[in-house]
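Structure first, then comments.
No lab work stands behind these numbers, since they all come straight from the coordinates. All values reported here derive from a predicted model rather than from experimental measurement. Don't worry about glycine lacking a Cβ; one is built from the backbone with ideal geometry, like all the others, and counts go over all protein chains shown.
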């Protein structure tokens, strides 16, 4: 039976599903259970390229139920003992697993059910928020299929006595000096060895934010302080007592879950022990300049002093309408993300102003593509909800576009009916990757291509492709004004990018900024309230009047000119800077990032100008400085990211990971390296011989054991 079809049925029940590797419990999607979806289109996309997959269901609030996992004979005995003491459990939807069963119970109205191993008895585990189960009709590793005991049984409420046990928080001592070998795993999905191998991959001298995130993730999942402390001792920054002091400040459920640690470890090359390694793509190994490659490996990616960048003054403080909107949204956020929120507000106003304003002489419009990068669970979504609410209350709902773009023709039809919209796209990294990845799903490549073309069509017509092969089916959009506010994680963005993405020029359309702090401190004063009346009134003044208020795209409004004022020479200087930066950075391949520097600076400046005076907008020096600061920061971020993280091939990336690991360790045996990279032996042979031939590593033998060492200099 097709798990894809069953997954869609589960989604219709309100269960969030995702694919799992065949005969395994390892997720078969990039972000594991965080990729779980309920709608049919997204589920089809997750299953699009694979067959014979198992099926996972995210438990907890994501699907509305938690699971009592009864594992084997010991679990059955533990459950029988509890029922003798407290009474029988009610009949509920139950899955028969490879060695036991999963009992599904409805989530409580308040509180959080967390995933825990042996939480209520030996081999009685709970699966709640942050957890998942493998569900029927998946196949267990033993070959036994998972099956429902009674497919259409209801999901019952757990009795009070069981909820009391499940909801009780474990008492943790302030200090924990257990050695790792004496630690009992608190999470059934991850063994002590799993956690230790994850931590082996992450250097303890990582950034302060990453170091804190490791501790918070371990704390949230119930692991002891000693695990974090022992790992931290391996770094040069270690200070006695600092881990214990920080540990006391951590709060369970504060937003950093164990999944954050898994994701971080994977970004450093960790792979689960039962995840099969993929063969290394060596298709373009002959095209690599190994002389330049040798100079960069293990020493950062820069091979020469970076070319100069234009000086940027400090951005003016954000005031006026945009500043007041930012202040209100920040007050509602548990995790405050001012950089991302500002981008969201600017993109929203770009949609509201679009088609009605044009810059004097140049004709620049306000369509703008903004991308914010922040880690999962760190407040990316708050501004999106608040801006949408504010636009609706201000009578600007017509400018709110889709939260999900499923097809190119669908996006075209949306713009035909509402020619100026803000598209809110979560995980936009998938679409950015589709610009450069020929293996990406066809619908993603199509949408990404349309994004690219629409950017340059805001002052003209966009003529789409044939929908059904007939000339009459060709859709024409008149002055479409698409604005994008997309969010993604650093990991997804990194996976999306290749050096070819820079050279192609596609990325220069996007203003991309990373949150200043990876893990913002919780704002316990956050107050989820509607926008104040004065803010709604000020946004409402931008509502269009007359026939344009609800008309289709054929009604093109008369433009209000945004005057240059005294800024004509400043605008000319933007072009000079752009031209100089293209020339300066052409040799490094970064010149293409500057091609739309002036255009994007002016788009931002126009939006700030119109927000200040929508009837007679005039550019000021502060408007341009704000645009320069935002767009300049974006280009700097992309250049730095490309220098340190982007590669021409998977082979280059793997060689770089090899060197990063070896430089950190000093020396390492082949088996230790293979444990970190989990490569096929033939691929590891190719990597080690390449690095040896270009003079980056020395290979010695101690008996039959190969030992790698870094060659300095």
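Values as computed for the structure displayed
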| quantity | calculated |
| --- | --- |
| Rg [Å, one decimal], Dmax [Å, integer] - region 592-712, C-alpha atoms | 24.5, 82 |
| Length gained when the stretch residue 245-residue 50 is fully extended (0.36 nm per residue, less Cα-Cα span) | 65.5 nm |
| Burial ordering of 485, 146, fewest other beta-carbon atoms within 10 Å first | 146, 485 |
| Ranked list, fewest to most other Cβ atoms within 10 Å of each Cβ, for 15, 328 | 328, 15 |
| Residues 699, 635 arranged by fewest to most Cβ contacts within 10 Å | 699, 635 |
| Estimated D of region 386-426 in µm² per second, where Rh is the Kirkwood radius over Cα pairs and Stokes-Einstein applies at 20 °C, 1.002 mPa s | 202 |
| Segment residue 403-residue 237, length gained on full extension (0.36 nm per residue, minus Cα span) | 55.4 nm |
| Cα pair count fraction exceeding 13 Å, expressed as % - region 127-172 | 73 |
| Once the Cα gyration tensor of region 3-167 is diagonalised, semi-axes √(5λ) in Å | 27, 17, 13 |
| Where N is the number of residues in region 71-124, Cα Rg divided by 2.2 N^0.38 Å | 1.18 |
